[in-house]
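Comments concern the structure below.
Here, each number is a calculation from the coordinates, and none is a lab measurement. Worth saying up front: this structure is predicted, and the values here are computed from it rather than measured. Neighbour counts are summed over all protein chains in view; Cβ atoms, including those assigned to glycine, are modelled from backbone coordinates with ideal geometry.
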Amino acid sequence: MPGSTLGELFRVTNFGESHGPAIGCVIDGCTPGLALSEADIQPELDRRRPGTSRHVTQRNEADAVEILSGVYEGRTTGTPIALLIRNTDQRSKDYGNLLDTFRPGHADYTYWRKFGHRDPRGGGRSSARLTAPTVAAGAVAKKWLKERHGVSFAGWMSQLGEIAIPFVDEAEIPNNPFFAPNAAVVPQLEAYMDALRKAGDSCGARIEVRARGVPAGLGEPLYDRLDADIAYAMMGLNAVKGVEIGAGFGCVTQRGSEHGDELTPEGFASNHAGGVLGGISTGQDLVVSIAIKPTSSIRTPRRSVDRAGAPTTVETHGRHDPCVGIRATPIAEALLALVVMDHVLRQRAQNADVSLPVPPIPGG
């Protein structure tokens, strides 16, 4: 199926459906010799896993990953790595009323128009469940990048619906179900979500993600720019409707004297560019922000049509996230890791012989 593979040298092909027997991915291009086991991948999947709080879908999936190939005696062999995650808690009967109609805001209608036939169970191929293999592949990329280049990733929720979440302490992110870097705002977020679920409605979110320790020089001119590939990958995440790099749309109101990141012997004076200039990494943090739309699957009755074009009303049953952004942080981190990993390998393939003196500024 076109559109199921991300990356050039580190290629990840995603497969499966929400209510099929299993989902998974094949990673092609991982270098040999990396120590790898399920234990390296499972913690990242547990961060994304459903059913972890009352604020997300109550579908109870263990998301236990199995490595089927590409690893021998605990180390990668350089051959394709197949990762499998079995679906164990499907409730397909919840979607029996959707075979002949379409949920507003969902991919039901467009999949039918494109393929002429679709799997309505849990959204089938368009389900956010298909982000689990992405997170699994991202765990592999994260480990390699950390060991070889010291690159690390961090993400958090910076807004839930109308509620802005001021950044206070990164250490708070794993301590609450919202990935919020602010303990004081968590009770407000919980009350907001409880009211939203009771009303049968949904909301959107904003997620921030950073890559730290990224080598300078990653990316290509023009069409394979690092920031372009980051935006491309992030827009491939379900429900994402906007991507910002660095200052993003905020640069519209900035002056050139403010936005241009000055260089000093001590380093860059600012990072409005988000760690990318001319499509190539500067060595600063990669700074990315994504906007996630409200969940389309809601209990509130909505107008629609059936396959004959006759008007109807749709009420979506089943177990859904009132805000898909709540579990999006580890997915956004994984996508950023996959892009960085691919560009590190591409840089190594083309420019491994490039030799420069010590960078004139720290982090460059």
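Could you list, in their original order, any pairs among K114/K293; K198/K293; K114/K241; K114/K198 whose Cα atoms are separated by more than 27 Å? Intermediate values should be presented prior to the final figure.
Details: K114/K293 23 Å; K198/K293 19 Å; K114/K241 21 Å; K114/K198 35 Å.
Going by Cα-Cα distance, K114/K198 fall outside the 27 Å limit.
When the charge dipole of the stretch 5-351 is built from unit charges on Cβ atoms (+1 for Lys and Arg, -1 for Asp and Glu) and taken about the Cα centre, the candidate among F179, P133, P215 whose Cα reaches farthest toward its positive end is P133.
P(r) for the stretch 173-293, from all Cα pairs and a bin width of 5 Å, is 2, 10, 15, 18, 18, 14, 10, 7, 4, 2, 0, 0 %, short bins first. Kirkwood radius for the stretch 88-223, taken over all pairs of different Cα atoms as the inverse mean of 1/r, rounds to 18.7 Å. Residue-wise HN-Hα couplings along the stretch 74-85, as the Karplus relation 6.51 cos²θ - 1.76 cosθ + 1.60 with θ = phi - 60° gives them from phi, are x, 10, 5, 9, x, 9, x, 9, 9, 10, 10, 10 Hz; Gly and Pro carry x. Taking Cβ atoms as reference points and 12 Å as the exclusive limit, the residues near D229 contribute a net charge of -3, counting Lys and Arg as +1 and Asp and Glu as -1. When the helices of the chain are scored as -39500 (n - 2.57) per DSSP H run of n ≥ 4 and the total is divided over every residue, the value at 222 nm lands at -7500 deg cm²/dmol. Each peptide among 182-195, 324-337, 296-309 gets the average number of other Cβ atoms lying within 10 Å of its residues, and from highest to lowest they stand as 324-337, 182-195, 296-309. Any chance you could check the Cα centroid distance between the stretch 254-273 and the stretch 156-221 for me, in angstrom? Here the two parts' Cα centres lie 26 Å apart.
Distances between placed amide hydrogens fall under 5 Å for G78 paired with G33, all partners being 5 or more residues away or on another chain.
Measuring r between the beta carbons of Y223 and F249 and using R0 = 22 Å, the FRET efficiency lands at 0.45.
Hey, could you grab the Kirkwood Rh for the stretch 5-351? Inverse mean 1/r over distinct alpha carbon pairs, Å, one decimal.
Evaluated on the stretch 5-351, it is 21.2 Å.
Can you tell me the length gained on complete extension of the stretch R348 to A62, counting 0.36 nm per residue apart and subtracting the Cα distance? Show your work: numbers first, answer last.
Details: separation 286, 0.36 × 286 = 102.96 nm, distance 3.71 nm.
Length difference between fully extended and current span is 99.3 nm.
The residues packed around P43, meaning those with a beta-carbon under 13 Å from its beta-carbon, carry a net charge of -1 if Lys and Arg are +1 and Asp and Glu are -1. Note on the stretch 301-364: the C-alpha convex hull projects to 9.8 nm² when averaged across all orientations.
Report the gain in length on full extension from R303 to E190: 0.36 nm times residue separation, minus Cα-Cα distance, nm rounded to one decimal.
On the way: separation 113, 0.36 × 113 = 40.68 nm, distance 2.96 nm.
Length gained, R303 through E190: 37.7 nm.
Span-like helix check, the chain: qualifying full DSSP H segments, with Cα axial length of 15 Å or more and mean Kyte-Doolittle of -1.0 or more, are 131-149, 186-199, 329-351. Computed from backbone phi with θ = phi - 60° and the Karplus coefficients 6.51, -1.76 and 1.60, the 3J(HN,Hα) list for the stretch 300-310 is 4, x, 9, 6, 7, 9, 9, 5, 8, x, 7 Hz; x is used for glycine and proline. Here each label is just a point 7 Å from Cα along the line to Cβ, and for E8 and R86 those points are 3.9 nm apart. Computed over the stretch 5-351, relative contact order equals 22 percent, with contacts defined as Cα pairs under 8 Å that lie 6+ residues apart.
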